[in-house]
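Notes for the one structure printed next.
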Amino acid sequence: MKFCFVIHPTSLEDVARYEPGAVGKGRPLIEKIMEWMPAYAAVHVTGVRTPDGRETEGWFVAAPFMPEPMLRLPRETVYEKILGAIEIGASLGAEIAGLGAFTGVVGDAGITIAERSPIAVTTGNSLTIAAGVESLLRGAHEMEIPLQSSTAVVIGATGSIGSACVELIAPHVEHVVLVARNRTRLERYVESLRERVSCGLSISTDVREAVPRGRVVLTATTSTQELIEPDDLQTGAVVCELSLPHDVGRRVALERPDVLVTEGGNMRVPGTPRFERVREPGRDFDLGLPPQAALACMSETMVLALENRRENYTLGRGIALERVLEIDRLAKRAGFTLAGMRAFDAAVTPAQVAAARAAARERRTANGDRLVSSRAVP
Ligand SMILES: NC(=O)c1ccc[n+]([C@@H]2O[C@H](COP(=O)([O-])OP(=O)(O)OC[C@H]3O[C@@H](n4cnc5c(N)ncnc54)[C@H](OP(=O)(O)O)[C@@H]3O)[C@@H](O)[C@H]2O)c1
């Protein structure tokens, strides 16, 4: 069974990769041009092959929009272009469509789109959740963080991805701080959560107040601005970044050598995957990821195609944890694994991880072993 996956640029760097001709045109003009552009098939994906010999192929179909207009424009305008992209995928033979980045966020997170789509739909968020939490735990292990006595901060904790991440992280840590802007939704969610988790829980509507409280941080917001600055983070913290566009400021890479930032949703695709530009056959499409890697939401769509699951899979907010566990199991069986660590458009090498660990130890010794953020250091 074949798949399609709806993509759109989440940053100007993405635009430069899709359309080098757009470089230097300025954000307002690029946003306008994109609003006028119809959907188009951008990438042909081949060579996805499981260890037991199953294969799939598919297309990434672009729904040209920058993130801000997707939140600002009339919902029907955005839905129309996303459905146009799915129809192109279906005409190429796809039987399931994944919704990338903000195409799975806008409105009711895929429910209306699935009702109007000629083929099955998934946001891909279930595998994003599983891969994100696995990446966070891998990072915490690398940074020698004693999880059982640590506080985790989840930003975007009432969202489709963030809320499920809270539940999966809670059994590993002493306390979770849930962060979002809407206090009522936070209070409602944390109350329902108390029945299911045994760790301490608190809420915050202020990212910069909350982040210094935890040594383990996961971001899954729809903010279009950077939210985390170098001074916010504890010594030796690990940050798993799921948000697209990203929430962690680039200055963190320069100013906090003791902190490990890792993009959480990247997966190594099994077989010999090829991402070839439709308009320029023979030329590969640069996803801004390591070779042979795809986002977890793309991977979920591929796994469902490999499993011949012609059904709507992950839709809406309030994702069932059983789905997260099931897609994680199916992905592992199909040979999908976490990709190597990556942050700020570059691989994080084992030597860089070791250097971050050493810098954290040194900084802790200098600060009398206190796990404080530099903002709190007198
Ligand atoms: N890496 C991957 O493979 C992958 C896959 C799919 C999606 N994503 C990305 O994951 C992110 C989350 O997606 P989702 O479907 O979970 O979205 P969602 O359901 O709309 O949830 C967004 C969450 O972020 C909070 N939020 C938004 N702006 C915020 C701000 N400025 N400060 C603090 N909290 C804020 C929202 O609550 P309030 O509105 O109350 O603030 C909500 O809790 C998106 O960036 C999406 O592109 C990544």
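The values are calculated or read from the model by the stated rules, or taken from the named source; none is laboratory data. The structure displayed is predicted, hence computed values, not measured ones. Cβ: placed from backbone, ideal geometry, glycine included. Neighbour counts: every protein chain shown.
Okay, residues lined up against (1) of a type in the set (A, V, I, L, M); (2) crowded, with 24+ Cβ neighbours inside 10 Å; (3) modelled with pLDDT of 95 or more:
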{"site": "Glu115", "(1), (2), (3)": "no, no, yes"}
{"site": "Ile119", "(1), (2), (3)": "yes, no, yes"}
{"site": "Gly124", "(1), (2), (3)": "no, yes, yes"}
{"site": "Gly132", "(1), (2), (3)": "no, yes, yes"}
{"site": "Glu142", "(1), (2), (3)": "no, no, yes"}
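If you go through the stretch 258-269 and keep only what is crowded, with 21+ Cβ neighbours inside 10 Å and farther than 11 Å from Val45 by Cβ, you end up with Asp258, Val259, Leu260, Val261, Thr262, Glu263, Gly264, Gly265, Asn266, Met267. Of all the residues in the stretch 5-42, those that are within 16 Å of the ligand (Cβ to nearest atom) and at pLDDT 95 or above number 4. With a requirement of 1 or more residues that are closer than 30 Å to Val238 by Cβ and either aliphatic (A, V, I, L, M) or within 16 Å of the ligand (Cβ to nearest atom) (or both), the helices (runs of 4 or more DSSP H) lying completely within the stretch 66-154 that satisfy it span 67-72, 106-109, 125-142.
Take the conditions (1) in a helix (DSSP H, G or I); (2) more than 30 Å from Gly156 (Cα to Cα); Pro273 misses just one of them, which is (1). Filtering the stretch 287-308 for residues that are among the charged types (D, E, K, R), modelled with pLDDT of 95 or more and touching a helix residue (DSSP H, G or I) at 6+ places or on another chain (Cβ under 9 Å) leaves a non-empty set. If you filter the stretch 246-257 down to residues that are part of a loop (DSSP other than H, G, I, E, B) and away from the ligand (no atom under 13 Å from the Cβ), you find that the one that is surrounded by the fewest Cβ atoms within 10 Å (Cβ to Cβ) is Arg250.
Scanning the stretch 330-354 for residues being within 10 Å of Val303 (Cα to Cα) and among the basic types (Lys, Arg) gives a total of 2. With respect to Gly58, determine if the residue is small (Gly, Ala, Ser), surrounded by fewer than 24 Cβ atoms within 10 Å (Cβ to Cβ), in a strand (DSSP E or B) and in contact (Cβ under 8 Å) with a residue 60 or more places away in the chain. Judged against the criteria, Gly58 is not a match. Just so you know, in the stretch 292-341 the residues that are within 13 Å of the ligand (Cβ to nearest atom) and on the phi > 0 side of the Ramachandran plot include one that is surrounded by the most Cβ atoms within 10 Å (Cβ to Cβ), and it is Gly316. The lone criterion from (1) outside the structural domain of Tyr18 (by TED's automatic domain parsing); (2) under 26 Å from Leu295 (Cβ atoms); (3) of a type in the set (Asp, Glu) left unmet by Glu276 is number (1). Pairs are defined by a Cβ separation below 7 Å, a sequence spacing of at least 6 or placement on different chains, a first member in the stretch 5-28 that is assigned by TED's automatic domain parsing to the domain that holds Ala120 and surrounded by 11 or more Cβ atoms within 10 Å (Cβ to Cβ), and a second member that is acidic (Asp, Glu) and outside any helix (DSSP H, G or I); the pairs so defined are Glu13/Asp345; Arg17/Asp286.
Does the stretch 270-288 contain at least one residue that is surrounded by fewer than 24 Cβ atoms within 10 Å (Cβ to Cβ), within 14 Å of the ligand (Cβ to nearest atom) and within 20 Å of the chain's Cα centre (by Cα)? There is at least one residue in the stretch 270-288 that is surrounded by fewer than 24 Cβ atoms within 10 Å (Cβ to Cβ), within 14 Å of the ligand (Cβ to nearest atom) and within 20 Å of the chain's Cα centre (by Cα).
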